[in-house]
1. Give the number of residues within segment 38-51 that are modelled with pLDDT under 90 and either more than 18 Å from L110 (Cβ to Cβ) or in contact with a Phe, Trp or Tyr (Cβ under 9 Å, 6 or more places away or on another chain) (or both).
2. Any chance segment 120-138 includes a residue that's under 30 Å from L215 (Cβ atoms), loosely packed, with under 15 Cβ neighbours inside 10 Å and within 14 Å of the chain's Cα centre (by Cα)?
3. Go through segment 90-104 residue by residue and tally those that are surrounded by fewer than 24 Cβ atoms within 10 Å (Cβ to Cβ) and under 12 Å from the mean Cα position of the chain (by Cα).
4. Looking at the structure I just gave you, is T268 in contact with a Phe, Trp or Tyr (Cβ under 8 Å, 6 or more places away or on another chain) and at pLDDT below 90?
5. Look through S82, S111, S98, S106 and report the one residue that is under 20 Å from H266 (Cβ atoms) and not in a strand (DSSP E or B).
6. Here are some conditions: (1) free of Cβ contacts under 8 Å to residues at least 12 places away in the same chain; (2) within 28 Å of D78 (Cβ to Cβ). E236 meets all but one. Which one does it not meet?
7. Looking only at segment 5-45, which residues are assigned to a loop (DSSP other than H, G, I, E, B), more than 22 Å from the chain's Cα centre (by Cα) and not small (G, A, S)?
8. Say whether the condition of being aliphatic (A, V, I, L, M) and surrounded by fewer than 18 Cβ atoms within 10 Å (Cβ to Cβ) is met by at least one residue in segment 260-269.
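The values are calculated or read from the model by the stated rules, or taken from the named source; none is laboratory data. Keep in mind that this is a model prediction, so the values were computed, not measured. Every residue, glycine as well, gets a Cβ built from its backbone with ideal geometry; the counts of neighbours run over all protein chains shown.
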Amino acid sequence: MDFDPTSTLVATGSADSTIKIWDVEKGYCTHNFRGHSGVISALKFHFMPDKLELYSGSDDCQIRVWDLRKKMCIAALDTHVSVIRGLDVTKDGKYLISGARDKIVSITDLSTYKPVRSFPVFETVEAIGIVDEKYIPLDKRTKDGVYFYTGGEKGIIRIWNFSNGQCIRAQKEGENGTNNQISDIMEQDLSNFIMKKDYKNAIILSMELDQPFRLMKLFSEVLYQKKDPDSILGLEAVDDVIFNLSNDQLEKLLLYVRDWNTNSKHSTVAQAVLNAILGYYDQETLLKLPKLNEILDSLIPYTERHYKHSEQLLIDSNIIDYTLHSMDLLSSLDLDTNN
């Protein structure tokens with residue numbers, strides 16, 4: 001939930017995907033918004049009283065912008081591939097920052113509702129917000145004076161520079177220091193694998209570090225390059241990774257695929273990985289996965305939607321081909337008539 005800047009309205013989000021705005025004093029609902037397909041996980045009013053905009057995030061991986069005057073959604077942002085966990089607006093009112101469990105912080109321009117940059121933060125984001133400059137050391141301050149914090153799965157609060165995405169301060173790690181040092185070493189190894197285009201080890205380590213967004217990008221690169229024509233995913237070494245997963249790893253990857261598949265921009269990768277899994281693992285193995293029903297409940301409707309969209313695109317392309325062919329025939333007839 002979140003209060004508007006005048007504290008006269010409060011927005012609430014529900015598990016039924018609806019958002020309601022209430023008059024605090026009179027106690028009645030002033031707006032009832034529908035549009036998300038998942039549980040509402042984050043809400044934020046714009047702090048300028050005349051802006052009258054509400055921003056919402058959901059476990060459908062989407063951010064929506066609601067205009068209170070028009071009583072409608074005016075923008076839908078597909079800047080994340082996992083559950084949105086936090087939203088805030090910069091002090092100048094120009095940008096929306098969002099954090100999600102895909103370990104990415106995204107910055108959106110509120111004049112165009114287009115993403116302008118994103119930063120990897122290397123852990124799932126569970127909270128995010130703007131930080132006042134007075135809490136920033138003098139030697140870490142920049143001209144724009146905009147900073148934000150994230151709180152994540154490791155229980156560490158970090159402060160980031162808005163302009164370049166660098167972490168400038170972190171809560172003392174205490175007893176978790178050793179684990180974080182190991183994680184940092186693994187991050188460095190992952191960067192080295194990616195730089196060397198060692199996709200097999202990069203994919204294995206991305207899964208181990210629980211980085212679905214980076215994993216999706218790696219699969220995309222392999223699919224696009226298609227170095228091994230006979231490979232399902234574009235590289236036989238990557239196919240081998242898929243074919244040698246433990247049950248826990250297999251379930252984790254299917255959960256990633258489920259999340260990727262909710263976004264049409266990432267559905268090609270999701271369907272390719274799903275095809276590799278279903279083509280190799282037998283029914284008995286898949287039925288042993290505890291979360292299989294949960295995964296299928298989301299995979300099936302989105303897959304049907306993507307299929308219908310592809311089918312319609314094919315029909316449209318055939319109509320265009322037919323129209324162009326007919327125009328060529330008419331042009332030929334006109335030439336014959338003139339001659």
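1. Selection size over segment 38-51: 2.
2. yes
3. The qualifying residues number 1.
4. no
5. S82
6. (2)
7. Hits for segment 5-45 are P5, T6, T8, V24, E25, K26, Y28.
8. Among the residues of segment 260-269, not one is aliphatic (A, V, I, L, M) and surrounded by fewer than 18 Cβ atoms within 10 Å (Cβ to Cβ), which makes the answer no.
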